[in-house]
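One structure is given below, encoded as structure tokens.
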Amino acid sequence: MLTIKGHGSRYCDGVTRRQALQVGGLAMGGLALPQLLQAEANTGSRSQKSIIMIFLTGGPPHQDMVDLKMDAPVEIRGEFHPINTSVPGIDICELMPRTAKMMDKLAIIRSLVGSEGRHSAFQCVTGWPTPGQPVGGWPSLGAAVSKLQGTSAVGMPAFVGLSPKIKNAPWGDSGQAGYAGQAHAPFTPNADGGANLELKGITIDTLGDRHALMSQLDRLRREADADGSLAGLDAYHQQAFGILTSSKLADALDLEQEDSKLRDRYGRGDNVYAGYGDGGILLNDYFLAARRLVEAGVRVVTLTYGRWDWHGRPHGTNFDNARDHIPALDMGLTALIEDLERRDMLDNTSVIVWGEFGRTPRINKKGGRDHWPRVGCAMMAGGGIRTGQVIGATNRLGEDATERPVHFQDVFATLYHNVGIDVNRATINDLSGRPRYLVDHSLYQPIKELV
């Protein structure tokens, strides 16, 4: 976190990891903060539409959450039973009673296809498979939105990744900048590896003097730049200086400012790594922090949640882990949706909940379910979509999509649509200068049942 000595605005020193999400490891890819703000040069309208992506680390069991198969043999249907929801004809797992009561605010996708089958957040944050990437790599959702729309609030980044440092690093990927450029990489305030960024012995006045010197040096560089590529750099530095000396980002991450009853409604949680210790954590404070960030002007927030890779003993069966994880998700997700709606933010904030694939229909000898890339599930809310419905279906055993297969890129096309980006027209140049579409729009489009 940032600490500047001297008078001035309130800063975020003293906020612990349990009290809030530290502003400690602002991962900037080695670039100066001003370079992270250059997206504003290309921005058009500054809409306040946002996206919150909740990545269920390891692959959630679709047949134990939103696609229960009660007519299947016992070795497939598992231990849980369905319950009715607020929408007649839609049933979900008994471990999700709060979600059931607000099913009219959600849409369920039971036929998610196209997984590359890797234990990684990559496909969920980019929409693309890992092989065959262009030079520089595919930009993530947050990087693309940052590139195309820039920041929406002075003193706030466009893209924040709340994932902590995870032992299995691909699970903790908040989303890379790719060929969009490191200026559009996420701020990662919960990433370890960055100590307190205290400007030792430097007061606000001293920092201002250094800022003035920096501006003078950059002016000299700009004058020497024959092609004019440094034009406007002073403005970027001014905005960077504003973030560093403003409490806006720190305030957004300071959950102590929230009413304790609201924090209890979200479920709080803790920062203990779930499962084998190599996955995410069940910290429901993430959901509240995500709401505070989009309310403060962040366009895209990504986060990892829990460890859903449940192969069985000795780390508990699929069902043991589900009894721990699913109710926690049920509590945090519904609190987020309620909170967004109460603040008149739900129509402008898209929420997506999913993992990298589904789980095997057949329960293994250890009481677990293994990897199943052939079909998975997702839940969506907000963003102006038509909710209270189920998209797609699987066969009697939950093995394959039999109705309305929905590809990862269809979901991405929908998310881009929700924030005002047309996937049939919008492009970002790769490192060779070639314009690249955000999805393969010849095959994948916004989900027509939702938009």
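List of remarks:
- Our summary gives segment 246-312 a relative contact order of 32 percent, counting only alpha carbon pairs under 8 angstrom and 6 or more residues apart.
- Nearest-20 debye value, segment 84-169 charge dipole, Cβ charges on Lys, Arg, Asp, Glu: 240
- Relative protection proxy for 119-127, 432-440, from highest mean packing down: 119-127, 432-440 (other beta-carbon atoms within 10 angstrom).
- Listed residue pairs exceeding 32 Å between alpha carbons, taken from Lys49/Lys261; Lys69/Lys101; Lys49/Lys101; Lys69/Lys165; Lys147/Lys167: Lys69/Lys165
- Surface/4 of the Cα convex hull for segment 404-447, nm²: 3.2
- When you count the other C-beta atoms within 10 angstrom of each residue and take the mean per peptide, 282-291, 412-421, 92-101 line up highest first as 282-291, 412-421, 92-101.
- Computed over segment 302-451, the P(r) curve from all C-alpha pair distances, binned at 10 Å from the origin, holds 10, 30, 34, 20, 6, 0 percent per bin.
- Sorted peptide list for 161-174, 295-308, criterion being average Cβ within 10 angstrom, highest first: 295-308, 161-174
Bear in mind these aren't lab numbers, they're just calculated from the coordinates by the rules spelled out. Predicted model, so just to flag it, every value in this text is computed and none were measured. In this analysis, Cβ positions are derived from the backbone assuming ideal geometry, glycine residues included, and neighbour counts consider all displayed protein chains.
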